[in-house]
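Structure, as structure tokens:
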Amino acid sequence: MVLLTMQNKLIIDPKQDLILANEVAHALMDKGLSMATAESCTGGAIGALLTSLSGSSRWFNGGVISYSNHLKIHLLGVNSQTIDVQGAVSKEVVEAMAVGGCKAMAVDICVAVSGVAGPDGGTTEKPVGSVWIAWCGPEQKLTSRLYHLDGGRKEIQSAAVRMALKGVVNQC
């Protein structure tokens with residue numbers, strides 16, 4: 001979990017992250033759903049947290065760390081023109097990653113994340129901390145959201161993991 005302090009600094013709380021991961025597990029098992037991840041800026045952290053739970057193979061099929069645009073295109077089916085026009089950190093790309101992840105990994109729900117974790121790589125239009133997350137749920141229900149997260153690289157990644165998992169619970 002990531003908590004805001006009085007100074008607006010982010011604190012990582014692994015115990016709360018495990019509570020959230022268990023919430024995801026129970027929500028998926030209660031509905032008989034499976035899930036996967038399509039991660040870029042989180043580098044597999046969502047999948048790592050979920051698979052730290054015993055029995056996760058009952059509902060977690062796997063994940064793709066598509067850090068490069070090449071993998072977004074070739075493994076997840078993102079259109080190269082979409083990346084060229086919108087950029088990898090965009091609603092269109094992250095939604096395509098989520099839909100492609102559902103198809104590629106044969107799951108009911110896929111969460112996809114793409115963002116600028118920093119400390120470099122930010123622009124005026126997409127500053128460090130800009131993170132797009134998309135969820136493709138049962139019957140291709142697609143939702144996405146742009147987050148503006150504060151902190152250093154680790155804090156931004158941790159906050160993105162938390163937001164991604166909260167969205168999975170909402171998809172169930």
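The values are calculated or read from the model by the stated rules, or taken from the named source; none is laboratory data. It should be emphasised that the depicted structure is a prediction, and the values quoted were computed from it without experimental measurement. Neighbour counts run over all protein chains shown; Cβ positions are idealised from the backbone, glycine included.
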### Odd one out for GLY63 among (1) more than 24 Å from GLY118 (Cα to Cα); (2) under 18 Å from the mean Cα position of the chain (by Cα); (3) surrounded by 14 or more Cβ atoms within 10 Å (Cβ to Cβ)
(1)
### Task
For SER114, state whether it is at pLDDT 95 or above, in contact with a strand residue (DSSP E or B) (Cβ under 9 Å, 6 or more places away or on another chain), surrounded by fewer than 23 Cβ atoms within 10 Å (Cβ to Cβ) and not in a helix (DSSP H, G or I).
no
### Task
Check ARG153 against each of (1) closer than 16 Å to VAL94 by Cα; (2) without any contact (Cβ under 8 Å) to a residue 60 or more places away in the chain and name the one condition it does not meet.
(1)
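The rows are residues; the columns are (1) modelled with pLDDT of 95 or more; (2) over 30 Å from GLY32 (Cβ atoms); (3) not aromatic (Phe, Trp, Tyr).
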position	(1), (2), (3)
VAL107	yes, no, yes
GLY122	no, yes, yes
PRO127	yes, yes, yes
PRO138	no, no, yes
THR143	yes, no, yes
VAL161	yes, no, yes
### Task
Would you mind finding the one in LYS154, LYS103 that is farther than 19 Å from LYS72 by Cα, in a helix (DSSP H, G or I) and not acidic (Asp, Glu)?
LYS154
### Message
For the stretch 18-36, give me the residue count where each residue is acidic (Asp, Glu) and farther than 11 Å from TRP59 by Cβ.
### Response
1
### Query
Within the stretch 46-60, can one find any residue that is within 19 Å of LEU146 (Cα to Cα), touching a strand residue (DSSP E or B) at 6+ places or on another chain (Cβ under 8 Å), crowded, with 19+ Cβ neighbours inside 10 Å and not small (Gly, Ala, Ser)?
yes
### Message
For the stretch 81-99: of the residues being among the β-branched types (Val, Ile, Thr) and surrounded by 17 or more Cβ atoms within 10 Å (Cβ to Cβ), which is nearest to the chain's Cα centre (by Cα)?
### Response
VAL94
